[in-house]
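**Student:** Shown below is the structure under consideration.
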Amino acid sequence: MEFIIKSRNVNLTDDLKEYAEKKIKNRIEKFFDKTVKTEIELSMEKNPSINLNNTAEVTIFTPRAVIRAADSGTDFFEAIDKVGGKIERQVKRYKNKMIQKSRKPAEVKNNLAQQSFAGDEDLREIVKVKKFAIKPMTPEEASLQMELLGHDFFVFINAETGKTSVIYKRKDTNYGLIEPQS
């Protein structure tokens, strides 16, 4: 397993690197042995009005999913402890879902949703552009990935149709699937 520790606005000490690797590796490896790469990013917010200005973000890349958690603390050791608990819960949840998925036949529910967008007079500007690799997966796998990332929607290539699709959370706690017309 590849283990990378990065920093932003921080000089990493050997003690801090060892602590982060030990705490996060121990929490992951006892439940999950199929990680390809784990990244920890430690950053400090240089705003004196923010008490919890030390942030630790952990991203785990597996063959089927990306699991991410972040938390803040008054120092990096506290932030690492907090994010360690979060990432451990997410890894447990992911592992349980994968076990359940392997025990029962795959039932993919395609809830197609139609959404109309009204013209908005307030034109907003794009302030951030994010690029990512899109992998073929089923809508069920995409919904799991969306939940693991904590997002409200997820863009993926539908393995069943070969087309780019979007799965999203609906207000009624179900999922919607947006697919292009043929």
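The values are calculated or read from the model by the stated rules, or taken from the named source; none is laboratory data. In this text, all values refer to a predicted model and were calculated from it rather than measured experimentally. Neighbour counts run over all protein chains shown; Cβ positions are idealised from the backbone, glycine included.
**Student:** Specify which of the listed residues (I126, I157) is at pLDDT below 90 and over 30 Å from K30 (Cβ atoms).
**Tutor:** After ruling out the rest, the residue left standing is I126.
**Student:** What are the pairs with Cβ atoms under 9 angstrom where one residue, in region 5-16, is without any contact (Cβ under 8 Å) to a residue 12 or more places away in the chain and the other, located anywhere, is exposed (fewer than 12 other Cβ atoms within 10 Å of the Cβ)? Sequence gap at least six, or different chains.
**Tutor:** Once the first residue is without any contact (Cβ under 8 Å) to a residue 12 or more places away in the chain and sits in region 5-16, no partner that is exposed (fewer than 12 other Cβ atoms within 10 Å of the Cβ) comes close enough.
**Student:** While we're here: Just a yes or no: is a residue in region 11-33 over 20 Å from G85 (Cα atoms), in the same structural domain as E88 (by TED's automatic domain parsing) and either in contact with a strand residue (DSSP E or B) (Cβ under 9 Å, 6 or more places away or on another chain) or surrounded by 12 or more Cβ atoms within 10 Å (Cβ to Cβ) (or both)?
**Tutor:** For region 11-33, residues over 20 Å from G85 (Cα atoms), in the same structural domain as E88 (by TED's automatic domain parsing) and either in contact with a strand residue (DSSP E or B) (Cβ under 9 Å, 6 or more places away or on another chain) or surrounded by 12 or more Cβ atoms within 10 Å (Cβ to Cβ) (or both): present.
**Student:** Among the candidates V36, V58, single out the residue that is under 20 Å from L148 (Cα atoms) and surrounded by 15 or more Cβ atoms within 10 Å (Cβ to Cβ).
**Tutor:** Within the list V36, V58, the selection yields V58.
**Student:** Regarding region 57-78, can at least one residue be identified that is β-branched (V, I, T), more than 16 Å from the chain's Cα centre (by Cα), modelled with pLDDT of 85 or more and not assigned by TED's automatic domain parsing to the domain that holds F154?
**Tutor:** yes
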